[in-house]
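Before anything else, here's the structure in question.
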Amino acid sequence: VLVEDRQNAEACKKRYGFDSMYEYCLLAQPGKEPTVALIGDSHGYHVVAGLTKYYSGRGENLIYLGTRHPYWNLPAEGEPYQQATQQMLELALSTPSIRTVVFSTHVRLNTSSPYGVALVAAARETLARFTAAGKHVIFMDDVPILSFDPRACIKRDGVEAQTPEHFAVVDALMKDFPMVERFTPTPYLCDAKLCHVMIDGQLLYRDKDHLSYEGDLYIGKKFAEWQASKAARQARNTLQ
């Protein structure tokens, strides 16, 4: 099931002067300044409900900016979604009230083609700009891609073999930007052997690579637990 808050989207687009179908946003509290930005394509949209619930519970105001590949200054070559992406990145970077930025996208990073090389460079430039601006950056890994039957489970090792170069590139980026946090949904969707489409009677996917609304809320809950665990570790380290 795809859940869309059209009234919220219209209010958000009006606030920021977005006037095309390629400019899409959601703002939890449209009358207030955003404090958290979730930037990404449909794989950002499929976690927006869960992250909005988490951040709203902490008194934050999340804005989702719908993009193509959410990395800096990629050549648009007449692709209107990519043209809008640059505008949205600049908006998030230049808005003082936005202190936290979460990136979530389906795009896989590799260096096996000229565009892949440009993509990795753009991702690096994006992390460099946002961290240099003092933003708290969180990189969200993508969810496992299923087989064509969304009712089936897939083997855990099959998921890990899907995009080996992408994860190697991301690992290298994380080493270069140690201040960037990384959230990986896979451990919450997979056990040691299988990745599951249904957990506790809830269907978590709506197709082979997008979470359902229930899956969105489930990952948002796990994101909250991850944040709480991290805060607890930091508190323990402070006391030691």
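Return the pairs, sorted by first residue and then second, in which the second residue is crowded, with 19+ Cβ neighbours inside 10 Å and hydroxyl-bearing (Ser, Thr, Tyr), the first residue lies in region 108-137 and is free of Cβ contacts under 8 Å to residues at least 60 places away in the same chain and farther than 19 Å from residue 35 by Cα, the beta carbons are less than 8 Å apart, and the residues are 6+ apart or on different chains.
Between residues of region 108-137 that are free of Cβ contacts under 8 Å to residues at least 60 places away in the same chain and farther than 19 Å from residue 35 by Cα and residues that are crowded, with 19+ Cβ neighbours inside 10 Å and hydroxyl-bearing (Ser, Thr, Tyr), the close pairs are 119/71; 122/71; 123/71; 125/71.
For residue 82, work out the one condition from (1) outside any loop (DSSP other than H, G, I, E, B); (2) of a type in the set (S, T, N, Q); (3) closer than 26 Å to residue 224 by Cβ it doesn't fulfil.
Here residue 82 meets the rest and fails (3).
Confirm whether residue 75 is open to solvent by 40 Å² or more (accessible area, probe 1.4 Å) and within 19 Å of residue 96 (Cβ to Cβ). Step through it out loud before you land on a result.
Working: open to solvent by 40 Å² or more (accessible area, probe 1.4 Å): yes; within 19 Å of residue 96 (Cβ to Cβ): no.
No; evaluated as a whole, the condition is false for this residue.
Restricting region 185-238 to residues that are over 26 Å from residue 4 (Cβ atoms) and part of a strand (DSSP E or B), which is farthest from the chain's Cα centre (by Cα)?
194
Specify the residue that is nearest to residue 223 (Cα to Cα); the eligible residues are those in region 179-197 that are open to solvent by 30 Å² or more (accessible area, probe 1.4 Å) and hydrophobic (A, V, I, L, M, F, W, C).
Ranking the qualifying residues of region 179-197, first place goes to 179.
Now for a different question. If I filter region 198-211 for residues that are open to solvent by less than 30 Å² (accessible area, probe 1.4 Å) and among the small types (Gly, Ala, Ser), do I get at least one hit?
No, region 198-211 contains no residue that is open to solvent by less than 30 Å² (accessible area, probe 1.4 Å) and among the small types (Gly, Ala, Ser).
Do we have residue 142 as at pLDDT below 95, within 21 Å of residue 208 (Cβ to Cβ) and surrounded by fewer than 19 Cβ atoms within 10 Å (Cβ to Cβ) here? Show your work before the answer.
Working: at pLDDT below 95: yes; within 21 Å of residue 208 (Cβ to Cβ): yes; surrounded by fewer than 19 Cβ atoms within 10 Å (Cβ to Cβ): no.
No.
So, of the residues in region 212-234 that are surrounded by 15 or more Cβ atoms within 10 Å (Cβ to Cβ) and hydrophobic (A, V, I, L, M, F, W, C), which turns out to be farthest from residue 51 (Cα to Cα)?
Restricting attention to region 212-234, the residues satisfying the condition of being surrounded by 15 or more Cβ atoms within 10 Å (Cβ to Cβ) are 212-220, 222-224, 226-227.
From what is left, the residues that are hydrophobic (A, V, I, L, M, F, W, C) are 217, 219, 223-224, 226.
Numbers: 217: 8, 219: 8, 223: 8, 224: 8, 226: 12 Å.
That would be 226.
Something else now. Whether any residue in region 147-166 is hydrophobic (A, V, I, L, M, F, W, C), surrounded by 15 or more Cβ atoms within 10 Å (Cβ to Cβ) and either within 17 Å of the chain's Cα centre (by Cα) or modelled with pLDDT of 90 or more (or both) is what I want to check.
Within region 147-166 (the criterion being hydrophobic (A, V, I, L, M, F, W, C), surrounded by 15 or more Cβ atoms within 10 Å (Cβ to Cβ) and either within 17 Å of the chain's Cα centre (by Cα) or modelled with pLDDT of 90 or more (or both)), the answer is no, since none of the residues qualifies.
Can residue 98 be described as in contact with a Pro (Cβ under 6 Å, 6 or more places away or on another chain), hydrophobic (A, V, I, L, M, F, W, C), within 23 Å of residue 185 (Cα to Cα) and not in a helix (DSSP H, G or I)?
Details: in contact with a Pro (Cβ under 6 Å, 6 or more places away or on another chain): yes; hydrophobic (A, V, I, L, M, F, W, C): yes; within 23 Å of residue 185 (Cα to Cα): no; not in a helix (DSSP H, G or I): yes.
Against the criterion (in contact with a Pro (Cβ under 6 Å, 6 or more places away or on another chain), hydrophobic (A, V, I, L, M, F, W, C), within 23 Å of residue 185 (Cα to Cα) and not in a helix (DSSP H, G or I)), residue 98 does not qualify.
The values are calculated or read from the model by the stated rules, or taken from the named source; none is laboratory data. Given the structure is predicted, the values throughout are model-derived calculations rather than measurements. Cβ sites come from the backbone with ideal geometry, for glycine too, and all protein chains shown count toward neighbours. Side chains are part of the model used for accessible areas, which takes the heavy atoms of the whole protein and leaves out ligands, DNA and RNA. Shrake-Rupley method; radii C 1.70, N 1.55, O 1.52, S 1.80 Å.
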